[in-house]
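See structure below.
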Amino acid sequence: MTIASKPAYQISGNQFIRGGWQGGRSQRRLTDTDPFTGQTLLEMGLASVADLDEAYEAAKTAQPEWSSLPATNRASLFETLAGLVETRGEEIISWLIRESGSTRLKANVEWQSTLNFIRNCASMPLQVEGRILTSYKPGEQSFVFREPLGVVGVISPWNFPLYLSMRSVVPAIALGNTVVLKPASDTAVSGGLLIAHLFEEAGFPPGTLNVVVGAGSEIGDAFVEHSVPSLISFTGSTEVGRNVGAIATGGKYLKRVALELGGNSPLVVLDDADVSIAAHAAVFGRFLHQGQICMSVNRVIIDRAHYPAFVEQVVERARGLKVGDPNDADTVIGPVINQAQLQGLLRKIENAKSSGCASLLAGKSDGLLLPPHVFGDVGVSHELAREETFGPLLPLLIADGEANALQMANASEYGLSSAVFTRDMARGLRFARGIVAGMTHINDITVDDQPNAPFGGEKNSGLGRFNDRYAMEEFTRSHWVTWQAGGHDYPF
């Protein structure tokens, strides 16, 4: 990693609108804290609806000039942005650790993934393609152009705040749109204000990116139903995503939506799997970032023949995971994001114990630190298997054969990611294609997001696909244009 040779950004706690920094006009204030130490990182006035209106108008005003900028110029700005993300790597990683409770391992992964993503998107302005169609009318030429949508509204979550903001912001802007970004309040800096500083330093024109930090209860609905944005890109819970979709498609101003929502990713261990490899993957795929990942291994379905050996190896591995200061290089499990999240997880633990699930590994919480918990003999209808846990809890389910395992894997309202372990490639491919999900990985964890691969889910896990040419389709529109050399012989 290149260590920053320039002073760190001075995060003022202002909103970033039209290329300038200004105080939020809401009566509400945000206190942004470190979930591990409780230290206050930032205090700021939140955005009001008036601030939101100003941000959308700034984006609307800036968009025509931005989209008309030569593609090589836009690509050059993203190359500059990538250079800044690389140079300021340690500064970015430090914010991710302090603000989102990321362990140093996870923060490094998020920083590197963001850097790779920006580099991949830097050439996107040069990759936009249209089509020439054969016309049904004599003498006519028929074209299909890919046009920017205009203004895109982005709402990002707290768990991978930098990456999941950039995943929508970067391709949207690269393709000629302008953006208003609303980050999660828990990660206002690493999901929003830090990004604004990066775009500002990179030299993007004023209004290209605008960042408003505001309470969902005050500006959330207005953000979605506003007349300016043509698309709302939302990453977060299915419950909130449903409301976003309903407002965007059922309000006065119809608009597109890209929704990346909850997951309940199964990891399936078939009867010919290597148990040791599968057990290692299950522990890493569940407990990375305390299980606070939409693609996290949310449940493991094990063929009955492998269950005893699998339980033994999973519990042994999970017991050895270090819980503590996320800044320590060897810490695996840091704090969960906030007190409300912790209380929800503690309720699930007590419910699992009282409902007869076998407690195979447990431990007491300390502040917002929650050690790994493993539960065995979990039924397919139990809440641990049915719901997205979003924490360091791992439920183990028993399957009787391949058909039963597939049935259990699909027994969910979600369909984001999934995994299957087998020594037979043909069997793995057949099983993978039977899972109703946007992504399936054979002999690997459920957590993966590569900049050239389609990312997205099925069922209640969302709508649309991110990354590469798939994002190009989401963030642009088809525009059919015809040209006629002379007049037609119209019938009247």
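Computed from the coordinates by the stated procedures, all read-outs in this text should not be read as laboratory data. The structure presented is a predicted model; accordingly, all values stated were derived computationally and were not measured. Because the Cβ atoms are built from the backbone with ideal geometry, glycine has one as well, and the counts that use them run over all protein chains shown.
Note on the chain: with charges restricted to the Cβ of Lys and Arg (+1) and Asp and Glu (-1), its dipole about the Cα centre is near 400 debye. Between amide H atoms placed 1.01 Å from N, distances below 5 Å from R18 occur with G207, all of them 5 or more places distant or on a separate chain.
The trypsin sites (Lys or Arg not before Pro) of the stretch 402-492 that meet both conditions, a loop assignment by DSSP and at most 14 other Cβ atoms within 10 Å of the site Cβ, are R423.
Against the empirical curve 2.2 N^0.38 Å, the C-alpha radius of gyration of the stretch 412-482 lands at a ratio of 1.34.
Considering only A305, S365, L429, the residue lying farthest towards the positive end of the dipole of the chain is L429, judged by Cα position with unit charges set on Cβ. Taking Lys and Arg as +1 and Asp and Glu as -1, the other residues whose beta-carbon sits under 11 Å from that of T103 total -1.
Simple spin-label estimate for K322 and D271 gives 4.2 nm between the two label positions (7 Å along the Cα-to-Cβ direction from each Cα). When Rg and Dmax are taken over the Cα atoms of the chain, they come to 23.8, 83 Å.
Using equal-weight Cα scatterers in the Debye expression, the normalised intensity of the stretch 265-442 in log10 at q = 0.12 Å⁻¹ is -0.50. Averaging Cα coordinates gives a centre for the stretch 188-223 and one for the stretch 342-363; these two points are 38 Å apart. Calculated on the alpha-carbon coordinates, the convex hull of the stretch 6-61 measures out at 107 cubic angstrom per residue. Remark on F421: its backbone amide H falls under 5 Å from those of V268, V269, L270, N443, a criterion applied only to residues 5 or more positions apart or on other chains, H modelled at 1.01 Å from N.
Near V311: Cβ cut-off under 15 Å, other residues only, Lys/Arg at +1 and Asp/Glu at -1. The net charge is +1. Helix 49-68 sits at what angle to the longest principal axis of the chain, using alpha carbons and giving 0 to 90 degrees rounded to 10? In the chain, helix 49-68 runs at an angle near 60 degrees to the longest axis. Summing +1 for each Lys or Arg and -1 for each Asp or Glu among the other residues whose beta-carbon sits under 10 angstrom from that of P229 gives +2.
Relative to the dominant Cα principal axis of the chain, helix 339-354 is inclined by about 40°. In this Cβ point-charge picture (+1 for Lys and Arg, -1 for Asp and Glu), the stretch 265-442 has a dipole of about 160 debye about its Cα centre.
Annotation note: GluC sites (Glu not before Pro) in the stretch 167-249 located in DSSP loop regions with a Cβ neighbour count of at most 15 within 10 Å are absent. Put simply, the Cα atoms of the stretch 1-133 extend 60, 40, 30 Å along their principal axes, the longest span coming first. Rounded to the nearest 0.05, the FRET efficiency derived from the C-beta distance between K6 and F145 at R0 = 41 Å is 0.50. Against the chain, whose longest principal axis is taken from its Cα atoms, helix 425-434 shows a tilt of about 70°. Between the amide H of V257 and those of I232, distances stay under 5 Å, these residues lying 5 or more places away or on another chain, with hydrogens modeled in the peptide plane.
Projecting the Cα positions of L270, V257, N327 onto the charge dipole of the stretch 253-354 (unit charges on Cβ atoms of Lys, Arg, Asp and Glu, taken about the Cα centre) puts V257 furthest along the positive direction.
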